[in-house]
Amino acid sequence: MRGNFIYINWEQVNNLVISYGITAADFINGIPNVPQRIVLIDGVNEGTQVNGHTRFQTVTGQNSVREFLIGKTNGPTNGPKMWLDYHEADDLDLLMPSEIAELLYMAHMMTHFHLPLYSKLRNDYAFLTTPEDFVKVYYRNLRTFNHILDISLKRHLRLLHSNRWVVFNRPFSVSDVPSDVFDQLTAVFSEGVIFAFDQTIERKRHYLIPLLIQEHPERQNWWHEQEDVYATARRVATLIYDVDQKHWELDIIDKQPFIENEADL
């Protein structure tokens, strides 16, 4: 499946964000700190060490973790990645057999049995990549996702701009998405939201990016072609970027989804 778009489905009760179009580099550039240690739960031999208690592979050191997550290590790094961060070297030794089994279940089923934010590991993230290139991340602090999304939105817009103005090849600076716009957007993240960069219109030095709600977010697993993404989606707003003023704003077309979800935040 191809297309210049971002999809988000935010399950607030589970501190879970399901996304498409947000890369590992977006994630790494958006989190406050790259983890010092991660444990790999998918059984692939890509780590640098093996924990004797859990028999899981691990990667240690911020540089090694960064290189692993963005695919700059040797070995089969292009497949799905599944990992949790942890604080101290012996934290993994504290996991009970039932907790190890939960991690194996999560890696196999692509979903949690119990919420994978463990006090023993003090992990901030549990990261799953599906074979369909969807990313599922459990966040200890769900607001961390806003900065990751900000990084990704700016990257998608720069990609769009460079493809349209490839002859001029001038640097294109994009400002941060302001917090008040994020406050508005967050109200509909739980609906299954699409930022349709591939349907963007440029008008009078403004980029008009359609914001759509996926009316059947459970059908995300059925997407095979770009047309499938928009088959049951409806437009509810337009995300606007003013190139000259370097300013973002949100023009809401259908207020009802935003009003319905405000009370849940």
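Readers should treat all values here as calculations from the given coordinates under stated rules, not as data from a laboratory. Just so it is clear, the model here is predicted, and its values are computed rather than measured. For neighbour counting, all protein chains shown are included, and Cβ atoms are generated from backbone atoms with ideal geometry for every residue, glycine included.
The lysines whose alpha-carbon is closer than 20 Å to the alpha-carbon of K136, local same-chain residues fewer than 8 away aside, are K81. Residues considered: T130, T144, T48. Largest GNM mean-square fluctuation over the chain, using C-alpha springs under 10 Å, is found at T48.
Working note: 222 nm ellipticity from helices only, DSSP H runs with n ≥ 4, each -39,500 (n - 2.57), summed and divided by the residues of the chain, gives -7500 deg cm²/dmol to the nearest 500.
With a cut-off of at most 10 other beta carbons within 10 Å, and DSSP calling the residue loop, which chymotrypsin sites (Phe, Trp or Tyr not before Pro) in the stretch 132-238 qualify? Please list them.
F168
A Gaussian network model of the chain, with springs between Cα atoms under 10 Å, assigns the largest mean-square fluctuation among N221, N15, N29 to N221.
The gain in end-to-end length when the S173 to T60 segment is fully stretched comes to 37.2 nm, 0.36 nm per residue minus the alpha carbon separation. Distance from the alpha carbon centroid of the stretch 92-169 to that of the stretch 1-63 works out to 5 angstrom.
What is the stretch 125-263 by shape, rounded, prolate or oblate, if you read a ≥ b ≥ c off the alpha carbon gyration tensor as root eigenvalues and call it rounded for a/c under 1.5, prolate for a/b larger than b/c, and oblate otherwise? Write out the running numbers ahead of the final one.
Numbers: a/c = 1.41, a/b = 1.32, b/c = 1.07.
Verdict is rounded for the stretch 125-263.
Once the Cβ-Cβ distance of D183 and S119 is raised to the sixth power relative to R0 = 30 Å, the FRET efficiency obtained is 0.50. Starting from the Cα gyration tensor of the chain, take the square roots of the eigenvalues, sort them a ≥ b ≥ c, and report rounded, prolate or oblate (rounded when a/c is under 1.5, otherwise prolate if a/b is larger than b/c, else oblate). Because a/c hits 1.5 or more and a/b exceeds b/c, the chain counts as prolate. Highest GNM mean-square fluctuation among D91, D133, D26, for the chain modelled with Cα contacts below 10 Å: D91. Relative contact order for the stretch 32-123: 30 percent, from Cα pairs under 8 Å spaced at least 6 residues apart, divided by residue count.
What the Cβ-Cβ distance of D90 and E260 gives, at R0 = 35 Å and to the nearest 0.05, is a FRET efficiency of 0.15. Each of the trypsin sites (Lys or Arg not before Pro) that DSSP puts in a loop and that has at most 12 other Cβ atoms within 10 Å breaks the chain; the longest unbroken stretch is 73-142. Is the stretch 15-57 best put as rounded, prolate or oblate by its Cα gyration tensor, with a ≥ b ≥ c the root eigenvalues, rounded for a/c under 1.5, and otherwise prolate when a/b is larger than b/c, oblate when not? Cα axes put the stretch 15-57 in the prolate bin.
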